[in-house]
Amino acid sequence: RLNMKILMVCLGNICRSPLAEGILRAKVNSRGLDIKVDSAGTGGWHIGQGPDPRAIDIANKYGIDISQQQARQFSSTDFEDFDIIYAMDDSNLSDIVSLANSNKDLEKVQLILNEINPEDNTPVPDPYYGGDDGFEKVYQLLDAACEIIIKKIS
């Protein structure tokens with residue numbers, strides 16, 4: 001489906017969702033698809049800030065530049081603007097769902113790693129407080145999920 005809009009959501013919009021946005025956007029661009037990809041956080045602590053330097057570094061390692069992204073907070077209007085909303089974990093999912101206005105809104109929301117293992121409800125671990133290897137693991141998980149997403153769409 002062309003002209004589709006996909007939103008990636010985590011807690012602060014500085015680690016996981018910027019990586020998910022960058023990875024999916026790179027896959028979209030390499031295939032020349034007309035899909036808008038964005039990201040947001042359920043919390044507002046980092047609004048206007050760029051991604052965590054460790055997230056920028058791991059994306060760079062794989063040839064993806066996320067350094068220009070700016071954190072923003074998820075809002076209920078995102079349900080109108082996006083076709084699919086991917087949450088990184090259960091906590092993000094429930095925060096998003098709490099802002100839904102209809103069943104149509106709810107149908108747009110899912111856990112991103114359920115693309116790899118449906119119904120497993122596996123969270124993307126938050127690498128913020130861990131070491132650099134946490135960002136590598138998160139990158140690999142998100143890359144695998146985004147590869148499935150892009151194949152489904154195209």
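The values are calculated or read from the model by the stated rules, or taken from the named source; none is laboratory data. All figures in this text were calculated on a predicted structure; none of them were measured in a lab. Reconstructed Cβ throughout: ideal geometry from the backbone, glycine too, with neighbour counts over all protein chains shown. Note: accessible area is taken over every heavy atom of the protein model, side chains too, but ligands, DNA and RNA are not part of it. Shrake-Rupley method; radii C 1.70, N 1.55, O 1.52, S 1.80 Å.
Local charge sum around Asp120 (other residues, Cβ-Cβ under 14 Å, Lys/Arg +1, Asp/Glu -1)?
Working: positive: none; negative: Asp89, Asp90, Glu115, Glu119.
That works out to -4.
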- Under a plain spin-label model, where a point goes 7 Å from the Cα along Cα-to-Cβ, how far apart in nm are Asp65 and Asn3? 3.0
- Mind checking which lysines have their C-alpha under 22 Å from Lys151, skipping anything on the same chain fewer than 8 residues away? Lys5, Lys27, Lys36, Lys108, Lys137
- Here the chain gives, from Cα atoms, an Rg and Dmax in Å of 14.1, 41
- Message: Can I get the semi-axes of region 110-154's equivalent ellipsoid? Compute them from the C-alpha gyration tensor as square roots of 5 times the eigenvalues, in angstrom, largest first.
- Response: 21, 12, 6
- Measure off, as a whole percent, the carbon and sulfur share of the 1.4 Å-probe accessible area of region 26-100, all protein chains present. 46
- Message: What is the sum of charges, Lys and Arg at +1 and Asp and Glu at -1, for the other residues whose Cβ falls under 12 Å from the Cβ of Asp105?
- Response: -3
- Task: State the answer as a single residue: which of Asn114, Val97, Asn3 lies farthest towards the positive end of the charge dipole of the chain, with beta carbon charges of +1 for Lys and Arg and -1 for Asp and Glu, about the Cα centre.
- Result: Asn3
- Separation between Cα centres of region 61-111 and region 1-53, rounded to whole Å: 9
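Using only helices, what value at 222 nm comes out for the chain when you add -39,500 (n - 2.57) per DSSP H run of length 4 or more and divide by the total residues, to the nearest 500 deg cm²/dmol? Let's see the in-between values first.
Details: 6 runs with 63 residues, N = 154.
Counting only the DSSP helices, I get -12000 deg cm²/dmol.
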- Task: Can you tell me which of 4-16, 113-125, 81-93, 137-149 comes out highest on packing, and rank the rest after it, using the mean Cβ neighbours within 10 Å?
- Result: 4-16, 81-93, 137-149, 113-125
- Task: Give me the distance in nm between label points sitting 7 Å out from Cα along the Cα-to-Cβ direction at Lys104 and Lys137, one decimal.
- Result: 4.0
- So, counting K/R as plus one and D/E as minus one, what does the shell of residues with Cβ under 15 Å around Ile56 add up to? -2
- Query: In Å, what is the Rg of the alpha-carbon atoms in region 62-151, and how long is Dmax?
  - Reply: 14.0, 40
